[in-house]
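Working notes, beginning with the structure itself.
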Amino acid sequence: MTSALIHVNGLKAALPLRADLEAAGIQVLGIATERAKLLQEVVRHAPDVVICDEPAPDDGLFRTTLSIALTAPCPVIVFTGDPDAAYIARAVESGIHAYEVQGYGANRLRSLIHLAQARFRHEQEQRNALQDVTSRFEERGLVERAKGILMRARQVSEDEAFQVLRTASMHTNQRLGQVAQQIIHSARFAEDVNRCGQLRMLSQRLVKLYGLQLAGVHSAQNAQHVQESVQRIDANLAHLKKSLSQATYGDLLGQVVQTWTRLKPVLQGAQASQASAVALTDELAEQLLQGAERLTSQLESAGLAPPLRVLNMAGRQRMLSQRFAKYAVLGMLGDSALTERCEAGMAESKAAFEQALTYLNGIPLSTPDIHSALQAAGLGWLTMVSFAKEVGHQAGAQRLAGLQSLATASEDLLEVFEHLSAHYERSMQVLAGT
């Protein structure tokens, strides 16, 4: 049996309408006499049709019927005595499916209800068809973006990228658009995690390079590395300001920017003779490291993709390699207290690096490129540690040469981990979030 909810301006006026509806075999669920509560009553009763007896409709009626169309869609019939054509147009725009002027006739109630229901169904079908077309159009856009990511990341053709998407879609039993959305989402988080990880590494690299200058290693290459590191931090911060949500990450990113604003002039303005600036430089670099670490951890968690942890760990290896080299260099510059602190820092960095390297070698997230890079990383690490041990027993020109060898080894190892992080960032497991 078809059910109806009646809305009238007064209970008395509803009595004939209610009786006529019941006589026509329509179940009346209730009578709403307050327009302000009509939407609430529609939600509560969920009728098959809403029938309004409004001798003098106004803007309030049309606002109410539009609210019903948006919140609890159902067929709406309005009986009125007002023939104003403007109101008839408003009725069509406001979710009213039958707008009967000069009241109703009891013998036409059922046909009017059937008409309103048919129009409502047609309207819903059109809306669903439009949503389907819109969804397919949006999905096509997502697929195109995901193909572009895969083409750049994996160096494949457009057809090959599409085949990768189709295969992932079948294996995960998801729509193509869902897989594409995951790849876009993961790629964005992967890039942000990688860039934040670079900030951690660059904080340590800059202090290492500064220490080399103080130790007398004034190679043009070191000066170039300093300039490059400063530019990379500026570029990464600019990217993250645009990429990250200000509401979600603005405070964390702001702390990093504030620390960098203090550290940057110290690095650029200090001279090699200013050994007293080492403590301030390292202190600010540690603050930059901790701020970037907090931001990276939050991004990894927000990404909701386990492989982001691997990307974060590989990125952290870059930082640990530079941190170890930094302590090895600074240990040559100061008194026994600084030397003791640097030895402790080297031991801590070494233990963390080797533990993470063992983990990365043991996980299944691997490709031939990743496997080769991990092997190169292991050899590069052993080479750098060997130079660090040797330089501690050297003096004069021999120590200077040893520091340069240590610097070169640390930069070579950094390059390996830069490539490794890029391989992880482009891997299908990271991109697909699986």
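Take the residues of the stretch 208-237 that are farther than 18 Å from residue 400 by Cβ and among the small types (Gly, Ala, Ser): which is surrounded by the most Cβ atoms within 10 Å (Cβ to Cβ)?
229
Scan 188, 152 and give me the residue that is part of a helix (DSSP H, G or I), more than 22 Å from residue 323 (Cβ to Cβ) and under 17 Å from the mean Cα position of the chain (by Cα).
Result: 188 is the single residue among 188, 152 that is part of a helix (DSSP H, G or I), more than 22 Å from residue 323 (Cβ to Cβ) and under 17 Å from the mean Cα position of the chain (by Cα).
So residue 74 fits all but one of (1) in contact with a Lys or Arg (Cβ under 7 Å, 6 or more places away or on another chain); (2) part of a loop (DSSP other than H, G, I, E, B); what number is the exception?
(1)
Could you list, in sequence order, all residues of the stretch 15-50 that are in a strand (DSSP E or B) and free of Cβ contacts under 8 Å to residues at least 60 places away in the same chain?
Passing the criteria: 27, 28, 29, 30, 31, 32, 50.
Taking residue 82 and the conditions (1) crowded, with 17+ Cβ neighbours inside 10 Å; (2) on the phi < 0 side of the Ramachandran plot, which numbered condition does it fall short on, given that it satisfies the others?
The number of the failed condition is (1).
What are the residues in the stretch 1-17 that are more than 23 Å from residue 63 (Cβ to Cβ) and at pLDDT 90 or above, if any?
Across the stretch 1-17, the qualifying residues are 2, 3.
Across the stretch 170-204, what is the number of residues that are free of Cβ contacts under 8 Å to residues at least 24 places away in the same chain and either buried (at least 19 other Cβ atoms within 10 Å of the Cβ) or of a type in the set (S, T, N, Q) (or both)?
Total meeting the criteria: 3.
Condition first: closer than 13 Å to residue 52 by Cα, within 46 Å of the chain's Cα centre (by Cα) and not small (Gly, Ala, Ser). Now tell me which residues in the stretch 93-113 satisfy that.
96, 97 - these are the residues of the stretch 93-113 that are closer than 13 Å to residue 52 by Cα, within 46 Å of the chain's Cα centre (by Cα) and not small (Gly, Ala, Ser).
Rundown of residues vs (1) in contact with a Ser or Thr (Cβ under 7 Å, 6 or more places away or on another chain); (2) surrounded by 12 or more Cβ atoms within 10 Å (Cβ to Cβ); (3) more than 30 Å from residue 185 (Cα to Cα), yes/no style:
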position	(1), (2), (3)
39	yes, yes, yes
51	no, yes, yes
59	no, no, yes
75	no, yes, yes
94	yes, yes, yes
120	no, yes, yes
129	no, no, no
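Could you list, ordered by first residue, the pairs with Cβ atoms under 9 Å in which the first is in the stretch 104-122 and within 10 Å of residue 24 (Cβ to Cβ) and touching a residue at least 12 places away in the same chain (Cβ under 8 Å) and the second is surrounded by fewer than 16 Cβ atoms within 10 Å (Cβ to Cβ) and hydrophobic (A, V, I, L, M, F, W, C), at least 6 apart or interchain?
Short answer, once both residue conditions are applied: 106/19; 106/23; 109/23.
Of everything in the stretch 238-256 that's aliphatic (A, V, I, L, M) and surrounded by fewer than 17 Cβ atoms within 10 Å (Cβ to Cβ), which residue is nearest to residue 190 (Cα to Cα)?
If we take residues in the stretch 238-256 being aliphatic (A, V, I, L, M) and surrounded by fewer than 17 Cβ atoms within 10 Å (Cβ to Cβ), then 238 is nearest to residue 190 (Cα to Cα).
The values are calculated or read from the model by the stated rules, or taken from the named source; none is laboratory data. This structure is a prediction, so every number in the text was calculated from the model and none was measured. All Cβ positions, even for glycine, are placed from backbone atoms using ideal geometry, and neighbour counts span all protein chains on display.
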